[in-house]
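Below is one structure; the comments refer to it alone.
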Amino acid sequence: MQINTYTNFYEKYFQSQPFNLQFAEAMAVLKTVKNIFFIGNGGSNAICSHMLEDYAKIGRFRTYSFSDPSLITCYANDYGYENAMAEWLKLYFEEGDLLIAISSSGNSKNILNAVNEAKAKSGKVLTLSGFKDDNHLSKKGDVNFHLAIENYGVVECFHQIILHAMLDQYIADKKG
């Protein structure tokens, strides 16, 4: 049964020591920022739109996402799709901001170029990727969540769980 793929991986991943260390590191970063930029393609972009709303409304962060179709097509047309997100960050991203980069494969050129731009501006970078251990995104952030499973459903769902759990922990910590 397919649900076993999710439940078996859930128990293994979320109870692992590497995940718990990464989660603590991510929380330390989250507590230091005011502006959060979310980037992703396809289903990952849908996660970005959702998290933009929750982190703004619930967490009271200033949030931005490269999700508006007019914005995407404007930048892609003028700079090429692989450079669109990086060019957007050149205008708005500042030192100390946080970029949350989501890519199931971890090999999307537009995501990787945007991460490079955020790092060049002395920003913080949190990555969420999946599939192969040697994907390019999985080692580029200050904190890197990687799911070593080649299943889009599991990877995308778990990325959203991680981001929700971070926000829930942030709120719980603020309430003290």
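Do we have Ser122 as assigned to a helix (DSSP H, G or I), surrounded by fewer than 24 Cβ atoms within 10 Å (Cβ to Cβ), small (Gly, Ala, Ser) and without any contact (Cβ under 8 Å) to a residue 60 or more places away in the chain here? Explain how you work it out, then say what you get.
Details: assigned to a helix (DSSP H, G or I): no; surrounded by fewer than 24 Cβ atoms within 10 Å (Cβ to Cβ): yes; small (Gly, Ala, Ser): yes; without any contact (Cβ under 8 Å) to a residue 60 or more places away in the chain: yes.
No.
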Considering only residues that are under 27 Å from Asp134 (Cα atoms) and either β-branched (Val, Ile, Thr) or in contact with a helix residue (DSSP H, G or I) (Cβ under 8 Å, 6 or more places away or on another chain) (or both), which ones fall in region 68-87? Tyr81, Glu82, Asn83, Ala84, Met85, Ala86, Glu87
Count - residues of region 68-107 that are modelled with pLDDT under 95 and in a strand (DSSP E or B): 0
Of all residues in region 4-33, how many are in contact (Cβ under 8 Å) with a residue 12 or more places away in the chain, of a type in the set (D, E, K, R) and surrounded by fewer than 12 Cβ atoms within 10 Å (Cβ to Cβ)? 1
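Could you go through region 147-158 and let me know if any residue there is among the hydrophobic types (A, V, I, L, M, F, W, C) and in contact with an Asp or Glu (Cβ under 9 Å, 6 or more places away or on another chain).
Within region 147-158 (the criterion being among the hydrophobic types (A, V, I, L, M, F, W, C) and in contact with an Asp or Glu (Cβ under 9 Å, 6 or more places away or on another chain)), the answer is yes, since at least one residue qualifies.
How many residues are free of Cβ contacts under 8 Å to residues at least 12 places away in the same chain and surrounded by 15 or more Cβ atoms within 10 Å (Cβ to Cβ) when one looks only at region 72-100?
Of the residues in region 72-100, the ones free of Cβ contacts under 8 Å to residues at least 12 places away in the same chain are 73-74, 76-80, 91.
Now narrow it down to the ones that are surrounded by 15 or more Cβ atoms within 10 Å (Cβ to Cβ): 76, 79.
Count: 2.
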Of the residues in region 130-156, how many are surrounded by fewer than 18 Cβ atoms within 10 Å (Cβ to Cβ), among the small types (Gly, Ala, Ser) and not in a loop (DSSP other than H, G, I, E, B)? 1
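Look at His159 and say whether it is modelled with pLDDT of 95 or more, outside any helix (DSSP H, G or I) and either of a type in the set (Val, Ile, Thr) or crowded, with 21+ Cβ neighbours inside 10 Å (or both).
Numbers: modelled with pLDDT of 95 or more: yes; outside any helix (DSSP H, G or I): no; either of a type in the set (Val, Ile, Thr) or crowded, with 21+ Cβ neighbours inside 10 Å (or both): yes.
Taking the combined requirement at face value, the residue does not satisfy it.
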Can you tell me which of (1) under 22 Å from Gln17 (Cα atoms); (2) among the β-branched types (Val, Ile, Thr); (3) in contact with a strand residue (DSSP E or B) (Cβ under 6 Å, 6 or more places away or on another chain) is the one Ile149 doesn't meet? (3)
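The values are calculated or read from the model by the stated rules, or taken from the named source; none is laboratory data. Everything quoted here is computed from the prediction, not taken from an experiment. Note that each Cβ is placed from the backbone with ideal geometry, even for glycine, and that neighbours are counted across all protein chains shown.
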